[in-house]
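One structure is given below, encoded as structure tokens.
The values are calculated or read from the model by the stated rules, or taken from the named source; none is laboratory data. Only a predicted model underlies this, so the values are computations on that prediction, with no experimental measurement involved. Neighbour counts are summed over all protein chains in view; Cβ atoms, including those assigned to glycine, are modelled from backbone coordinates with ideal geometry. Just so you know, the surface numbers come from the protein's heavy atoms only, side chains and all, with ligands and any DNA or RNA stripped out. Shrake-Rupley method; radii C 1.70, N 1.55, O 1.52, S 1.80 Å.
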Amino acid sequence: MFKVHSPLKWEEELAEVSAGDRNISDLAVASASEAFKDWANLSPQERASFLYRLADLIDMEVPNIARVECTDMAMRYESLLNRVIPRGARNFRAYADLASEYQGRVWDSNGTTNLIQRLPAGPTVIITPWNAPFMLATWKVAPALAAGNTVVLKPAEWAPLSASILADLVDQAGFPPGVFNVVQGTGEEAGSFLTEDPKVRRISFTGSCETARKIGIEAAKNIVPFTAELGGKGALVVLQDADVEQAAITAAGQYDDSGQVCLAATRLIVADEISEHFLDCFYQNVDKHVLGSSFEDATTITPLIHPDHLQRVEAFVDRAVENGDEILRGGKRLDAEQLFYEPTLIKPASNNSEIVQNEVFGPVLTFQTFEKEEEAINLANSTEYGLSATLFTGSMEKAKTLGSALRAGTVWVNCFLVRDLSAPFGGLGISGLGREGGDYALDFHSDLKTLQIRNSDDS
Ligand code: NAD
């Protein structure tokens, strides 16, 4: 068993969860393997009917899941209730729809018929992080199940509770036993045994680059396709011709949920001529942030997930100060008892500063200015990450040319966090491997096979 604490009241124990080990991990993979043949043999429409039922059950449970998730990891309740948890149901519906239409191809050539078949790949291990755990798990589980794979989900040990609710709902939806399994516990004591099991035919991971490197080695040993959605260090580039007020609102919004968002635009890169005006607007919006309980509608700044994570954020800022980076605002924890950290803005001594180059995953932004647009793009593209980037400009021409020049898996122009579930999602550079979203995830969870039949002489 391991103990779970709520970031909202760290001193109290919230729950005890049974910890997976080698034995439990082996049992879960064996269960997924046993269930695979029958699940894979169902038609996509039959599988979709289970996914639709699950989506309906999630819809009915949204307030409960939102309450548990909020308590477990402190994302804002309002956001969980109205957007994040309902997205879980949308994920299952979207993949039930898509899988029903996901087909192979047929064509004739060289006197033969080529039948390209898409086959379910096999038992799939899905490993998820602690930020938005329910939404991220459903985003990965839905395409795997829709494609005909069976699943073992290992949620993060810092926010494990909503995965167990998902398992209950899968049960209620009448899925055959073994199609969906959950193993709780730490990465080392549960996750690693799942990823090294040769019966596993796909591994889908979301989390840090550091863990991805370890899982990638296990995947390589068994020649298993592996997809990784990893960290980010998104740039927010504001050109001289931009709507500065709107850009500043978006920039200040990066502190929502204390910046524990992989897609967060944490590097503000602003045209010199407008930088003072931008900072005025930015500070006005930062002043509007409300720090408080994640259950209060007005709250925007929530506690960090865990004391260890708070320490990590503090250490980043301390090292920045030692490095000669200038704190423009914030820069310390707010309260000795609770897990809040001040919204912080740092002007780096150089673009090579650690605070510019590495993901903090907290309420810490950097501020840089530029004279020429080319310089802005170079700064934006200068980290090893490439998950997302954001551009503010008043010109449609620049939206296209500079938007194309930004090196990231997703680039937003004059908007932020807008997503179409059928668009590809993933990172460039060290931000990821493979793509999620739409057919891209179904492709990952399927094996392609060519069946080539010589046409009969009279055909
Ligand atoms: P993490 O890498 O520490 O842990 C993620 C998961 O991996 C957890 O379930 C953990 O138990 C498991 N794990 C750890 N070691 C393992 C091992 N050796 N074998 C198997 N499993 C192991 O990441 P985290 O701190 O939970 O999450 C934060 C990170 O996730 C940030 O870098 C963030 O940017 C990233 N993230 C990325 C996306 C995306 O879509 N790109 C979304 C959310 C979070």
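Brief remarks follow.
- Rg/Rh ratio calculated on Cα atoms of the range 183-324 (Kirkwood radius): 1.09
- Exposure ranking of R47, R454, R93 by accessible area [1.4 Å probe, largest first]: R454, R93, R47
- Radius, Kirkwood style, for the chain when every pair of distinct Cα atoms is counted (Å): 23.2
- Part-to-part distance (alpha-carbon centres) for the range 123-195 and the range 243-279, which is given in Å: 34
- Note on the range 83-168: along the principal axes its Cα atoms extend 58, 25, 21 Å, ordered by decreasing extent.
- Solvent-accessible area per residue, Å², over the chain with all protein chains present [probe radius 1.4 Å]: 43
- Remark: the range 1-55 projects, on average over all directions, an area of 6.1 nm² (convex hull of Cα atoms).
- Inter-centroid distance (Cα atoms) of the range 305-346 relative to the range 410-431, Å: 28
- Over the range 16-162, the fraction of Cα-Cα pairs per 5 Å bin, rounded to whole percents and listed from the shortest bin up, is 2, 10, 15, 18, 17, 15, 10, 6, 3, 2, 1, 1, 0.
- Relative contact order computed over the range 130-264 (Cα-Cα under 8 Å; 6+ residues apart), in percent: 18
- Loop-resident sites, the range 372-459, for GluC sites (Glu not before Pro), counting at most 15 other Cβ within 10 Å (DSSP): E384
- Taking other residues whose beta carbon is less than 12 angstrom from the beta carbon of S395, and scoring Lys, Arg as +1 and Asp, Glu as -1, yields -2.
- For N381, residues with placed amide H under 5 Å, excluding near neighbours: none
- Amide hydrogen proximity for V360: with H placed 1.01 Å from N in the peptide plane, no residue at 5 or more positions away or on another chain lies under 5 Å.
- Here the Karplus curve 6.51 cos²θ - 1.76 cosθ + 1.60, taken at θ = phi - 60°, turns the phi angles of the range 239-253 into couplings of 7, 4, 8, 7, 6, 5, 4, 5, 4, 5, 4, 4, 5, 5, x Hz, with x standing for Gly and Pro.
- Most tightly packed first, judged by the mean number of other beta-carbon atoms within 10 Å of their residues, the peptides 266-275, 343-352 read 266-275, 343-352.
- Within the accessible area of the chain (1.4 Å probe), percent carbon and sulfur: 50
- Amide H partners (placed H, <5 Å) of V270, local residues excluded: V238, Q368, T369, F370
- For the range 234-413, the fraction of C-alpha pairs farther apart than 23 angstrom is 38 percent.
- Ellipsoid semi-axes in whole angstrom, largest first, where each is sqrt(5λ) of the Cα gyration tensor of the range 371-459: 39, 15, 13
- Estimated distance in nm for a label pair at E210 and E273, the labels positioned 7 Å out from Cα along Cα-to-Cβ: 4.4
- Radius 14 Å from Cβ of A376, net charge of other residues (Lys, Arg +1; Asp, Glu -1): -3
- Averaging over all projection directions, the Cα-based convex hull of the range 291-376 occupies 6.8 nm² in the image plane.
- For the range 37-53, 3J(HN,Hα) per residue [Karplus equation, 6.51 cos²θ - 1.76 cosθ + 1.60, θ = phi - 60°, Hz, x = Gly/Pro]: 4, 5, 5, 5, 7, 5, 6, x, 5, 5, 5, 4, 4, 5, 5, 5, 4
- Centroid-to-centroid separation of the range 102-121 and the range 36-65 [C-alpha atoms, Å]: 28
- The label point for Q103 and the one for E34, both projected 7 Å from the Cα toward the Cβ, are 3.6 nm apart.
- Integer Hz, Karplus 6.51/-1.76/1.60 couplings in order for the range 77-82, x for Gly and Pro: 4, 4, 5, 4, 5, 9
- Other residues with beta-carbon under 12 Å from the beta-carbon of F175 carry, at +1 per Lys or Arg and -1 per Asp or Glu, a net charge of -2.
- Here is the result for the range 320-395: no chymotrypsin sites (Phe, Trp or Tyr not before Pro) lie in DSSP coil with at most 12 other C-beta atoms within 10 angstrom of their C-beta.
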